[in-house]
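Reviewing the structure listed below.
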Amino acid sequence: MSQAILSGNEAFARGAFEAGVRVASAYPGTPSTEILENVAQYPEIDSSWAPNEKVSLEVAIGASFGGARAMVAMKHVGLNVAADPFMTMSYIGVRGGLVVVVCDDPEMHSSQNEQDSRHYARLGKAPMLEPADSAEALAFTRLAFELSEQFDTPVLLRSNTRISHGKSIVTLGERVTGLPEPKIERNPGKFVMLPGNARKRHPVVEQRLLDLKAWGCDHEINRIEEGEGEIGVITAGISYQYAKEVLPKAHILKLGMVYPLPEQLIRDFAARCKTLYVIEELDPFIEEQVKAMGIEVKGKEIFPICGEFTPSRVAAALGLPQPQGVAVPSEPLPNRPPNMCPGCSHRGVFFALKRLGAFVTGDIGCYTLGALPPLSAMDTCVCMGAGISNATGVAKALGEAERSKVVGVMGDSTFLHSGITSLMDMAYSNTPATAIILDNRITAMTGRQDHPGSGPTLPGIDAIPLTLRRSAAPSASATSRSSIPTTSPGPSRLSTKKCAARNLRWSSPAVPACSTVTDAGSGVRRSSSRPKPAPPARPA
Amino acid sequence: MSPDVKNILLAGVGGQGTLLASEILSETLMLAGFDVKKSEVHGMSQRGGSVTSHVRYGKKVYSPLIPDGQVDVLFGFELLETYRYLPTLRPGGAVVVNDLKIMPSTVAMGTESYPENIPGKIRAVCPEAKIVDGLDLALKAGNIRTVNTVLLGALSQRMEIAEELWLAGLKKMVPERFLKENLAAFQLGRQA
């Protein structure tokens, strides 16, 4: 058994390898991106970037139908895109184990909202596990596949920025063997969700939740850590670490499965504590269910709902004395916002749009930085793919005088993710607005991952890149950086210049798939499961 | 808060190699037999934004984030970013900082101004602060991109970790072809 210091994302990848996963798919999104990049280092797993999260989940569902264990990873808002297949897959269940890793972003370090993805577990009636460090990320991934097959359900694994991008020490295991070989097996009553079949599956799903609840009362994934005194804490995930930090003597019920909750275990624990806190980031998800059991707890009346927790924020909410740092005279300091890279082709586009006084409906990517000074040339940004459809809507709403000012802007990866349908609608409805695809041939924001328009696949195999000019619209014209049209509205424009940072590669070694220390303090051995063709790029 | 846990906060600008330095530091601490946790935020940092990395080590570490006012060593790669996080330093804590100014876009645009005399202000609260000319030493080591390793060398002088463990950490994390200049940079930083 060897030890390694791994990020949560590296540990999820290692867990997938050890669990015998054969197929993995994802669309990049911070803080989840490095999961698939690390999975791709294991040649035993077929890893691919999908155009969007829905496609990635459907690929994984297909692999499960075929009898293979399959995993997908996405950021929290990615699960909104994949929600459609997820909700019905809960009814279908699985053949090969199916695990969905979803990474929340409390504090919105790089996201447009801080939705709490635990609600998807309740909505979809599927179990959700939540690790508290990298060691649990690895162990829970392995367990999730066992649970998936034992209870015939997709399993959600919830991470967040601090788990995914935090590093801690893990013990590595071996890849499981003896899993059944994938082969065709027909089971239409289970796999074909016609209303008649789905009606039969729904009661199965309800019984599954009851079975999981009972399982959670007996399994060590939910554990009580005995403390001293009369204070008890129910907590899970990263919040457990903060609870241990600020209340080292409290009794702790540490939940590894946050849905469904182990009701009897919670009742037994609560009966022993005079004061009971629920310490959880974001929404009162556990708190409200515990209160519905008739148990008195303190939660969101003292702990914040907005933003991420830190040990200091948790201590402040509990009214504990806080150590003070050195006294520094206060003075206003200049901010240091991120910028578009030197040489980035987006700069010229936004400069021109600003000069033309365009009303720009934007989208998600590097180019969203065009909203910041000094460019300040983006007026809306909602979600992946909205840039062009928002432009359609704004143009429909406006009178003729202002319509020509409307420009929808999105990148090539976003266009292929979910903008292609927006453009079809703009063309179909003959809307007099302009759409610009900022085609830099890469998914730049998340660290320059390839996509169907850029070429090679994740393992580095050549692929024929989709030509946007053909697929966008017959009237599309390629546009250089200096001639942005807004005076003659047409459905589609392309700005083509490769990402300025495209060929940047880190001089540091890429995240090792399996960085091992055989004997802490003496021998050092770095091993990788295979030499990589090219180190995966990753956001700094 | 656990008294046996030590806290190092790295602060710099995206692109300076702060995160690689925190990787080498964490590996070294693991080799030294400590429980280690490290936390940072990826994403925007690549594009010239502020970067911090929390590194905590000890017998048993829970929170990956350092509690406010509990930084034992503030390890800065740029003056303004170090000054920004100075209030997180515990009284009696140490500062190791690169003597380098990188102008934020807000300063370049003229909407905000870069503070005057940051080294003096740092020394006012931490008289023992080590201010290193990382760029000069990196050039002497033979590669301008080894500034982060120079700074690690300077940090290593202020931590009770055997030199061979630092070297082992470096060898593990730095590609073979860049190793020689990084080892030179580390030694120059140690002597600074």
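Exactly one of (1) of a type outside the set (S, T, Y); (2) within 18 Å of B:E160 (Cα to Cα); (3) in a strand (DSSP E or B); (4) at the interface with chain A (Cβ under 7 Å from one of its Cβ atoms) is unmet by B:P91. Its number?
Going through (1) of a type outside the set (S, T, Y); (2) within 18 Å of B:E160 (Cα to Cα); (3) in a strand (DSSP E or B); (4) at the interface with chain A (Cβ under 7 Å from one of its Cβ atoms) one by one, B:P91 breaks only (2).
May I ask you to list the residues in region B:144-192 that are touching a residue at least 40 places away in the same chain (Cβ under 8 Å), within 14 Å of chain A (Cβ to nearest Cβ) and basic (K, R)?
Passing the criteria: B:R145, B:K172.
What about A:I266, is it within 30 Å of A:S90 (Cα to Cα), of a type in the set (A, V, I, L, M, F, W, C) and within 14 Å of chain B (Cβ to nearest Cβ)?
no
Among the residues of region B:101-139, count how many are farther than 30 Å from A:P374 by Cα and free of Cβ contacts under 8 Å to residues at least 12 places away in the same chain.
6
With A:L438, A:L466, A:L504, A:L458 as the choices, which residue is at pLDDT 60 or above and more than 25 Å from A:A24 (Cα to Cα)?
Only one candidate qualifies: A:L438.
State whether the residues of region A:215-228 include one that is closer than 30 Å to A:S312 by Cα, surrounded by 14 or more Cβ atoms within 10 Å (Cβ to Cβ) and of a type in the set (F, W, Y).
For region A:215-228, residues closer than 30 Å to A:S312 by Cα, surrounded by 14 or more Cβ atoms within 10 Å (Cβ to Cβ) and of a type in the set (F, W, Y): absent.
State whether the residues of region B:71-94 include one that is in contact with a Ser or Thr (Cβ under 9 Å, 6 or more places away or on another chain), touching a residue at least 40 places away in the same chain (Cβ under 8 Å) and open to solvent by 10 Å² or more (accessible area, probe 1.4 Å).
Scanning region B:71-94 turns up at least one residue that is in contact with a Ser or Thr (Cβ under 9 Å, 6 or more places away or on another chain), touching a residue at least 40 places away in the same chain (Cβ under 8 Å) and open to solvent by 10 Å² or more (accessible area, probe 1.4 Å).
Taking the options A:S312, A:S376, A:S389, A:S330, name whichever one is free of Cβ contacts under 8 Å to residues at least 24 places away in the same chain and buried (at least 22 other Cβ atoms within 10 Å of the Cβ).
Result of the check over A:S312, A:S376, A:S389, A:S330: A:S312.
With in contact (Cβ under 8 Å) with a residue 12 or more places away in the chain, within 14 Å of another protein chain (Cβ to nearest Cβ) and more than 17 Å from A:F17 (Cβ to Cβ) as the only criterion, which of A:I163, A:I184 stands out?
Answer to the selection: A:I163.
Which numbered condition trips up B:Y57, out of (1) at pLDDT 95 or above; (2) within 7 Å of chain A (Cβ to nearest Cβ)?
All conditions are met except number (2).
State the number of residues belonging to region B:55-64 that are surrounded by fewer than 24 Cβ atoms within 10 Å (Cβ to Cβ) and of a type outside the set (G, A, S).
The number of residues fulfilling the criteria is 3.
Counting only residues that are under 13 Å from the mean Cα position of the chain (by Cα), outside any loop (DSSP other than H, G, I, E, B) and under 21 Å from A:S110 (Cα atoms), how many does region A:1-41 have?
Result for region A:1-41: 8.
Only residues that are over 21 Å from A:G453 (Cα atoms) and open to solvent by less than 40 Å² (accessible area, probe 1.4 Å): list them for region A:405-424, please.
A:V406, A:V407
Can you name every one of the strands (runs of 3 or more DSSP E) wholly within region A:217-319 that holds 1 or more residues which are within 23 Å of the chain's Cα centre (by Cα) and not hydroxyl-bearing (S, T, Y)?
Where strands (runs of 3 or more DSSP E) fall fully within region A:217-319 and carry at least 1 residues being within 23 Å of the chain's Cα centre (by Cα) and not hydroxyl-bearing (S, T, Y), they are A:231-236, A:251-255, A:257-259, A:275-279.
Please go through region A:425-462 and pick out each residue that is surrounded by fewer than 21 Cβ atoms within 10 Å (Cβ to Cβ), among the hydrophobic types (A, V, I, L, M, F, W, C) and more than 26 Å from the chain's Cα centre (by Cα).
Hit for region A:425-462 is A:A427, nothing else.
From B:G33, B:G58, which residue is more than 18 Å from the chain's Cα centre (by Cα), free of Cβ contacts under 8 Å to residues at least 24 places away in the same chain and under 18 Å from B:M159 (Cα atoms)?
After applying the criteria, what remains is B:G33.
Those residues that are farther than 19 Å from A:S413 by Cα, among the aromatic types (F, W, Y) and touching a residue at least 40 places away in the same chain (Cβ under 8 Å), I need them from region A:340-373; list them, please.
A:F359, the sole residue that qualifies.
In region B:98-118, what count of residues is obtained for those that are at pLDDT 95 or above and touching a Lys or Arg at 6+ places or on another chain (Cβ under 7 Å)?
Number satisfying all stated conditions: 1.
Mind checking whether some residue in region A:70-80 is outside any strand (DSSP E or B), more than 14 Å from the chain's Cα centre (by Cα) and among the aliphatic types (A, V, I, L, M)?
Within region A:70-80, none of the residues are outside any strand (DSSP E or B), more than 14 Å from the chain's Cα centre (by Cα) and among the aliphatic types (A, V, I, L, M).
Could you name every one of the helices (runs of 4 or more DSSP H) located completely within region A:111-208 that has at least 1 residues being exposed (fewer than 15 other Cβ atoms within 10 Å of the Cβ)?
A:118-124, A:134-150, A:188-191
Considering (1) closer than 30 Å to A:S418 by Cα; (2) open to solvent by 10 Å² or more (accessible area, probe 1.4 Å), say which one A:V349 fails and leave the rest.
Unmet for A:V349, out of (1) closer than 30 Å to A:S418 by Cα; (2) open to solvent by 10 Å² or more (accessible area, probe 1.4 Å): (2).
With the condition kept exactly as written, say whether any residue in region B:36-49 is modelled with pLDDT of 95 or more and more than 22 Å from A:T33 (Cα to Cα).
Taking every residue of region B:36-49 in turn, at least one turns out to be modelled with pLDDT of 95 or more and more than 22 Å from A:T33 (Cα to Cα).
Just to be sure before I move on: is A:I92 open to solvent by less than 10 Å² (accessible area, probe 1.4 Å) and out of contact with any Leu (no Cβ under 9 Å at 6 or more places or on another chain) in the structure I sent?
So A:I92 does not fit the description; no.
With respect to the numbered conditions (1) open to solvent by 10 Å² or more (accessible area, probe 1.4 Å); (2) in contact with a Gly (Cβ under 6 Å, 6 or more places away or on another chain); (3) more than 7 Å from chain A (Cβ to nearest Cβ), which one is the sole condition not fulfilled by B:G48?
Of everything listed in (1) open to solvent by 10 Å² or more (accessible area, probe 1.4 Å); (2) in contact with a Gly (Cβ under 6 Å, 6 or more places away or on another chain); (3) more than 7 Å from chain A (Cβ to nearest Cβ), B:G48 misses just condition (3).
The conditions are (1) closer than 25 Å to A:T30 by Cβ; (2) more than 7 Å from every other protein chain (Cβ to nearest Cβ), and B:V96 fails exactly one of them. Which is it?
Unmet for B:V96, out of (1) closer than 25 Å to A:T30 by Cβ; (2) more than 7 Å from every other protein chain (Cβ to nearest Cβ): (1).
If you scan region B:104-132, which residues turn out to be surrounded by 14 or more Cβ atoms within 10 Å (Cβ to Cβ), out of contact with any helix residue (DSSP H, G or I) (no Cβ under 9 Å at 6 or more places or on another chain) and not in a helix (DSSP H, G or I)?
none
If A:V55 satisfies all but one of (1) buried (at least 23 other Cβ atoms within 10 Å of the Cβ); (2) in a helix (DSSP H, G or I), what's the number of the condition it fails?
All conditions are met except number (1).
Taking region B:6-29 as the search range and keeping residues that are open to solvent by 10 Å² or more (accessible area, probe 1.4 Å) and in a helix (DSSP H, G or I), which one is nearest to the other protein chains (Cβ to nearest Cβ)?
Among them, the one singled out is B:L20.
The values are calculated or read from the model by the stated rules, or taken from the named source; none is laboratory data. Everything numeric here is computed off the predicted structure, so don't read it as measured data. Positions of Cβ are backbone-derived with ideal geometry, glycine not excepted, and every protein chain shown enters the neighbour counts. We work out accessible area using only protein heavy atoms, side chains counted, and drop any ligands, DNA or RNA first. Shrake-Rupley method; radii C 1.70, N 1.55, O 1.52, S 1.80 Å.
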